[in-house]
Amino acid sequence: MKRVSVFLCALLLLCGGCVPAAQQAPALTPPARLTAAAAMPAVPPTPAPTPNAPDAGEIAQSLRALWEQTLELDIAPFLPPNFFDAEAPWQIFGTTAEERAWLPALEASIQEQLLSALTRTAARFSATHGDLSVTAAQTTEAPSWQLLYALLQGCASEAEANALLVRAVSFQTAIALSAPGKLSYRISVRPLAYREALRLPGGEEGAYWSRCFTYSYLYTVFGRDAAEIDYELPPASGCLSDGILWPLQSHIKLRKTWYADRDGGKRKHTGTDIWAEADTEIYSCTDGVVSYVGSGAGTGYAVIVTDKDGYQFHYYHMIRLSDFLRPGDTVQAGACIGRVGNTGNSDRDHLHLTIVAPDGKYIDPYPYLRAVKP
């Protein structure tokens with residue numbers, strides 16, 4: 001009987017059915033890792049994006065679209081009557097300062113027209129974004145009259161010229177969203193780099209280099225007011241500081257022909273001539289890349305090499321086309337790039353060497369050639 005009582009008591013203890021609440025076992029403590037997790041603060045939900053929040057990329061596109069719709073140029077009041085005359089177009093060479101005065105006036109007018117177009121663009125943008133607090137800044141620079149003339153020279157009509165000049169300026173924006181509902185932006189309108197701008201009309205490669213010649217000549221010989229200026233040799237840099245190589249296998253005479261009269265005094269000579277026998281090898285003065293191989297009425301057969309610093313070396317009047325070279329070829333200083341001849345606007349066998357600085361200004365080659373003359 002005693003054995004049965006012990007068994008029943010053990011069974012009741014296991015089931016807990018008859019144990020008073022005050023005598024029940026205490027609750028188990030949760031594991032430490034669960035306690036820590038429960039104590040971590042809740043992560044706030046990510047706020048939903050504000051509807052129609054301004055986007056910098058969209059704003060830049062909107063500004064550009066408004067600018068393109070707004071910009072129109074009017075050059076007609078400044079052009080000479082026969083400027084687009086197919087038979088006898090107006091030419092700058094041989095003109096007086098008074099006859100060239102319309103060109104600086106055209107540059108000033110285009111500057112005003114660009115500024116006016118920017119002002120209208122900003123006003124239209126503010127009108128269509130009335131929910132924004134907008135501050136704006138702008139800078140404007142028109143193409144120089146030298147670049148304007150070089151571009152206009154290849155146009156056949158006023159409409160074509162207007163369209164081309166619109167493309168010759170770059171439109172850049174900088175957007176800043178400083179706070180919700182607040183926007184500031186800066187617009188910069190500037191001319192394209194001259195070599196890029198002079199590519200715009202397209203056409204044959206020779207026509208491009210003719211435009212480059214015109215621009216470089218005007219930039220070197222004339223000032224901002226279109227009056228002739230005294231030439232000053234720019235400080236040497238790049239390959240000119242390091243020294244160039246003599247460009248001929250043999251020669252008769254190095255001539256100081258810089259700024260000598262040409263075409264009956266209508267223009268100045270912007271290179272140096274070296275007399276040499278026909279078929280004499282011509283060597284590249286520098287390492288560089290071939291930019292042009294071809295011929296022109298003035299240059300005859302020619303090669304142009306551009307060095308790593310952006311200086312162009314022009315070699316004119318060769319006896320034949322240097323068909324062993326192609327634009328894009330790399331040449332080393334001293335490599336043969338052609339042979340002396342008498343082609344183009346020339347009256348005897350010689351090499352004409354022209355150097356053009358990266359900014360487009362002609363460099364007098366004579367002091368650099370004299371320094372390395374054999």
Please give the number of the condition Arg262 fails out of (1) at pLDDT 95 or above; (2) touching a His at 6+ places or on another chain (Cβ under 9 Å).
(1)
Mind counting the residues in region 143-184 that are under 16 Å from the mean Cα position of the chain (by Cα) and either outside the structural domain of Trp90 (by TED's automatic domain parsing) or farther than 25 Å from Gln91 by Cβ (or both)?
5
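Collect the residues in region 164-194 that are of a type in the set (S, T, N, Q), under 26 Å from Leu148 (Cα atoms) and in contact (Cβ under 8 Å) with a residue 24 or more places away in the chain, keeping them in residue-number order. Working first, answer last.
First, pick out the residues of region 164-194 that are of a type in the set (S, T, N, Q): 170, 172-173, 178, 184, 188.
Now drop any that are not under 26 Å from Leu148 (Cα atoms), which leaves 170, 172-173, 188.
Hits for region 164-194 are Thr173, Ser188.
Could you grab me the full set of residues in region 247-256 that are assigned to a loop (DSSP other than H, G, I, E, B) and either surrounded by 13 or more Cβ atoms within 10 Å (Cβ to Cβ) or in contact (Cβ under 8 Å) with a residue 40 or more places away in the chain (or both)? Even if it seems obvious, please write down each step before you answer.
As a first pass, look at region 247-256 and keep what is assigned to a loop (DSSP other than H, G, I, E, B): 247, 249-252, 256.
Once the filter is applied, which keeps residues that are assigned to a loop (DSSP other than H, G, I, E, B) and either surrounded by 13 or more Cβ atoms within 10 Å (Cβ to Cβ) or in contact (Cβ under 8 Å) with a residue 40 or more places away in the chain (or both), region 247-256 yields Pro247, Gln249, His251, Ile252, Lys256.
Could you pull out the residue among His317, His269 that is modelled with pLDDT of 95 or more, within 31 Å of the chain's Cα centre (by Cα) and not aromatic (Phe, Trp, Tyr)?
On the way: His317 fails: within 31 Å of the chain's Cα centre (by Cα).
His269 is the lone residue from the list that is modelled with pLDDT of 95 or more, within 31 Å of the chain's Cα centre (by Cα) and not aromatic (Phe, Trp, Tyr).
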Asp261 - would you say it is free of Cβ contacts under 8 Å to residues at least 12 places away in the same chain, within 15 Å of Phe93 (Cα to Cα) and either exposed (fewer than 14 other Cβ atoms within 10 Å of the Cβ) or in the same structural domain as Glu196 (by TED's automatic domain parsing) (or both)?
yes
For Ile175, all conditions in the list (1) closer than 27 Å to Asp55 by Cα; (2) of a type in the set (Val, Ile, Thr); (3) part of a helix (DSSP H, G or I) hold save one; what is the number of the exception?
(3)
Specify the residue that is surrounded by the fewest Cβ atoms within 10 Å (Cβ to Cβ); the eligible residues are those in region 119-133 that are at pLDDT below 85 and of a type in the set (Gly, Ala, Ser).
Gly130
Scope region 329-361; condition polar (S, T, N, Q), outside any loop (DSSP other than H, G, I, E, B) and under 13 Å from Asp273 (Cβ atoms); matching residues:
Thr354
Identify all residues within region 257-304 that are assigned to a loop (DSSP other than H, G, I, E, B) and over 23 Å from Val221 (Cα atoms); write none if there are none.
Ala276, Glu277, Ala278, Asp279, Thr280, Ser284, Cys285, Thr286, Asp287
Restricting attention to region 192-224, the residues that are surrounded by 20 or more Cβ atoms within 10 Å (Cβ to Cβ) and in contact with a Pro (Cβ under 9 Å, 6 or more places away or on another chain) number exactly 3
May I ask you to list the residues in region 180-232 that are under 22 Å from Arg167 (Cβ atoms), assigned to a loop (DSSP other than H, G, I, E, B) and of a type in the set (Val, Ile, Thr)?
none
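From the list Asp279, Asp230, which residue is outside the structural domain of Lys361 (by TED's automatic domain parsing) and either free of Cβ contacts under 8 Å to residues at least 12 places away in the same chain or surrounded by fewer than 16 Cβ atoms within 10 Å (Cβ to Cβ) (or both)?
Asp230
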Residue that is in contact (Cβ under 8 Å) with a residue 60 or more places away in the chain, within 30 Å of Ala227 (Cβ to Cβ) and either surrounded by 15 or more Cβ atoms within 10 Å (Cβ to Cβ) or out of contact with any strand residue (DSSP E or B) (no Cβ under 8 Å at 6 or more places or on another chain) (or both), where the choices are Ala371, Ala333, Ala357, Ala297:
Ala357
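The values are calculated or read from the model by the stated rules, or taken from the named source; none is laboratory data. Note that the coordinates shown come from a computational prediction; the quantities given were computed from them, not determined experimentally. Cβ coordinates were reconstructed from backbone atoms using ideal geometry, including for glycine residues, and neighbour counts include every protein chain displayed.
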